[in-house]
Amino acid sequence: MLGSVIVVLAPSLLPGWALSSILDGSSDQVRKMLLSPALGLLLLYGLSGILLLLNIWSPLSMMFVIVAVNALAWKLVNTRHEVIAKRTRWQLLEAAMHGEISKEEDPVLSKEAEMQLMFRESRHLPLLVVSVAMACTALLPPLLQRIPFGVDWIGFSMLAQQVAIEGNLSLSGTNEGFWTYPPAFPSLAAYIMEMTSVDAATAVFQLGHYSLFVLLLGLIGAFDRHGAGAYGMFGIGLGLGLFAKTFDSGYPSIASQLGLVVGILVLFRQTHQRERHHTLGIILALMCVVMIHPTGAIYLAALMLCHVLHGIQLDDEAHQELMRKFAILASAFITIGFTIALVVIAPRLFEEAVFSEYGWQGGKPMLVYNGFLLIIACFAGWSLRHTLEGRIAITWFGSLWLLSTVHLVEGLQNIPILSLLSYTLYSMALHAFHLPLAVLVVLWWSPTTQLTTLKEDNAPFFQSMPKPLSAGLVVLLLLGTIFAQGVAVMLASHDELLSVTPGDLALRQDLEGLEEGTIYTENMHWGYLWDLPQHLESTSIPTLGLVHLTKSEQSNATRALYLDNTTYFIEHNMRYAVTSPLGSMQWTLSQSPYWSSSVNRDGAILWALQINGDAETVILQAVDPNDCSQCEIRLDPWRDHRFKDPLGLGDSRAFVKEGTVDTLAITQPSGEFSSICLVYETIGNPKGINLQSDKGLERPYQSLKSQAGYHHHCMELGENEILNQFEITWDNEQPSRFINPLGLSGRDNVMIDSTGVRLHWLEWIPR
């Protein structure tokens, strides 16, 4: 983790420092330290994305651009004209902060400097330290576990691997075409890979959580500009959206929120305080965000429009003129972006329907992830309704909520722009509403903010959050943070929750020694090989973003496997196959005489082609939940991701809770068998799992692996005996309980789970 942090922090800190000075000339070292990592990373994302878009990305070109930007930043930070009249507006503000400019010389700058000095003096340092400490917890998951939760990270890893190898987003393996996906995140992850020699998954994991960390720091710094920095993390902590999306590995959409640091820093300031360099900063942020993910660009554009809408209503003619100029510039950039999306991308979705995987995002999903924050924000919004900043935040939230109505028309076809919008905002409950609501709460929470009042005769019923409520919420958030980190530590050992198994990861090492050829991989997240050696090709690719596919052998290869088409295998040099116990293709290959199990890592299998058809076949048998007396019927979390079920396993599995002694009835098929293998899944880390049988086994007592995840355990059968049952026993009499995030997401049917074992199928090996 340290290496990745250094790779992105070291080259971005000085440019971020320069940007924080330009965008906020009143900032002191404390605020610059908060803003610089976020602003620098945003710029680094933009530069990396532009290089990839121009097809000139490489580690060398990245280093060249980084050196050039740092040189420019050094010049900007250290160049000062002795003559005040030759200084830029942000340098003049710095001078005003040091008393070099009087009220008579520039009353506007002096007033801003006076207000910022007051904010600095009233800064609540203990709470600010606590806020920063809370933000640091975003770095914890990569320190606790090898790979993230969720499935999106696999696609990002594939893209990063391809950028590192080819320098572009062309499709990998036996596929021809290209991915259309914002280039910044995978290219910067690829840069980390090249500079630190970590694999793609590790680079993506660490970059994703580092992005969340600096985003939180940047938001604290932006709120500090408004006198509310100490309360920034507390307001953000009242919602789950950004954290849940990060937990689910939706890293680019979270990283794209970095542009909102600039938005909150600039667009919530009083209109007369916004200068030309602030406008240029917003435009630069918008360009960088577009390179990361369109969601962040949409949210920043909406904030810009809300800023214009309310700013232009002010009575001051000078302010109105500034608003008109900003509106023209903002509209031009937004129009250009909209036109590109409409002309270039939207037509590719002409046959696609409006997409709503998780339902209407402005309804139940919003309440689930940001419901408590929404309640507090309602009080805040009512209190700040007569302030310019409050109205901007309220309108901003309302505009994003209106955008969520696109998911109410799910299934409507032949309207490309709606389809594009639905795909872009498919999980917006996790990242669209969190920050607008947090802005309202933070500005209301802090007792030291100075907002622009529009109606003096209509004062809010609470100028700021009541102290008893504030103290209670702070205590609640501190306890919640401690609890959340305890849950994170606990879940880090639950490998059964991951989208690939420990055996899948262990099997990657066995691919290095293979001869050149094609590997069949399942077209599911467990089948994508993001760290495949370059002399091998895989058949499947993730459909991340928009995929332009001109050639693919995946369907033909799958059909050939079902039909044992050896001619196809030879013509396409398909000498290997890789299967996961999460998938279904191992059930077909295990019964084929043309494929033999070369390596088995706890159910993850490397198969080798046996062209003569002399491979050993096995008989598979599903474990029926009705075959045991004490087991529970549990949903298989990955039931919706398998395209075939030849064993008839269905959606449910037999689950035996730790400490529950149970008997599993066995029906031995006809024939002679040398051994039997049980494929099972350990839930959590029970102290010990045992199998016993009075007859039928050469060794009547078997000790099973108890580490979390899938396992493949084989037992020798006794001669002249029929195996008819297993007795499952435990070393521990009581199970451990834990919060199951799969239950919260709907993949499982239990939210407060227990350690135990999930039984999948049996394999009978002939003599």
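The values are calculated or read from the model by the stated rules, or taken from the named source; none is laboratory data. Owing to the predicted nature of the structure, the values given are computational and were not obtained by experimental measurement. Virtual Cβ from ideal backbone geometry, glycine too; neighbours counted across all protein chains shown.
Among the listed residues Ile519, Ile605, which satisfies the condition of being part of a strand (DSSP E or B), touching a helix residue (DSSP H, G or I) at 6+ places or on another chain (Cβ under 9 Å) and more than 30 Å from Gly671 (Cα to Cα)? If you could, list the steps in order and put the result at the bottom.
Details: Ile605 fails: more than 30 Å from Gly671 (Cα to Cα).
Only one candidate qualifies: Ile519.
Residues in the range 26-45 that are buried (at least 24 other Cβ atoms within 10 Å of the Cβ) and of a type in the set (Gly, Ala, Ser): Ser27, Ser36, Ala38, Gly40.
In the set (1) under 18 Å from Leu280 (Cβ atoms); (2) part of a helix (DSSP H, G or I), Ala10 fails one condition alone, (1).
Of the helices (runs of 4 or more DSSP H) lying entirely inside the range 129-204, not one is found with 2 or more residues being surrounded by 18 or more Cβ atoms within 10 Å (Cβ to Cβ) and in contact with a Cys (Cβ under 7 Å, 6 or more places away or on another chain).
Scanning the range 726-750 for residues that are farther than 24 Å from Phe483 by Cβ and of a type in the set (Lys, Arg) yields a total of 0. Determine, yes or no, whether Leu418 is surrounded by fewer than 24 Cβ atoms within 10 Å (Cβ to Cβ) and of a type in the set (A, V, I, L, M, F, W, C). In short, yes.
Yes/no matrix, rows are residues, columns are (1) in contact with a strand residue (DSSP E or B) (Cβ under 8 Å, 6 or more places away or on another chain); (2) of a type in the set (Val, Ile, Thr); (3) in contact (Cβ under 8 Å) with a residue 12 or more places away in the chain:
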| site | (1), (2), (3) |
| --- | --- |
| Thr567 | no, yes, no |
| Val578 | yes, yes, yes |
| Thr588 | no, yes, yes |
| Trp595 | yes, no, yes |
| Val599 | yes, yes, yes |
| Thr617 | yes, yes, yes |
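Just checking, does the range 612-632 include any residue being part of a loop (DSSP other than H, G, I, E, B), surrounded by fewer than 17 Cβ atoms within 10 Å (Cβ to Cβ), touching a helix residue (DSSP H, G or I) at 6+ places or on another chain (Cβ under 8 Å) and β-branched (Val, Ile, Thr)? No: zero hits. Taken across the range 18-27, residues that are touching a His at 6+ places or on another chain (Cβ under 6 Å) and of a type outside the set (Ser, Thr, Tyr) do occur, with at least one present.
For the range 660-705, which residues satisfy the criterion of being among the polar types (S, T, N, Q) and in contact (Cβ under 8 Å) with a residue 24 or more places away in the chain?
Hits for the range 660-705 are Thr660, Thr663, Thr667, Gln668, Ser674, Ser675, Thr682, Asn685, Asn690, Gln692, Ser693.
Contact map, the range 344-367: first residue closer than 13 Å to Val409 by Cβ and of a type in the set (Val, Ile, Thr), second residue outside any loop (DSSP other than H, G, I, E, B) and at pLDDT below 75, Cβ cut-off under 9 Å, separation 6 or more or different chains; pairs are Val354/Gln413. Of all residues in the range 738-767, those that are loosely packed, with under 14 Cβ neighbours inside 10 Å and more than 30 Å from Glu357 (Cα to Cα) total 2.
The lone criterion from (1) modelled with pLDDT of 90 or more; (2) over 20 Å from Leu219 (Cα atoms) left unmet by Pro107 is number (1).
Here is a yes/no grid of residues against (1) over 25 Å from Arg639 (Cα atoms); (2) at pLDDT below 90; (3) of a type in the set (Lys, Arg):
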| residue | (1), (2), (3) |
| --- | --- |
| Pro669 | yes, yes, no |
| Glu672 | yes, yes, no |
| Cys677 | no, no, no |
| Asn690 | yes, no, no |
| Lys705 | no, no, yes |
| Glu719 | yes, yes, no |
| Gly746 | no, yes, no |
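Taking the criterion of being surrounded by fewer than 23 Cβ atoms within 10 Å (Cβ to Cβ) and within 27 Å of the chain's Cα centre (by Cα), the only residue of the range 302-314 that qualifies is Ala302. Can we say Phe326 is at pLDDT below 70, within 29 Å of the chain's Cα centre (by Cα) and either assigned to a helix (DSSP H, G or I) or over 30 Å from Gly545 (Cβ atoms) (or both)? So Phe326 does not fit the description; no. Of the strands (runs of 3 or more DSSP E) lying entirely inside the range 522-586, those containing at least 2 residues that are within 26 Å of the chain's Cα centre (by Cα) and surrounded by fewer than 16 Cβ atoms within 10 Å (Cβ to Cβ) span 546-551. On the basis of being of a type in the set (Asp, Glu) and crowded, with 19+ Cβ neighbours inside 10 Å, does Glu512 make the cut? So Glu512 does not fit the description; no.
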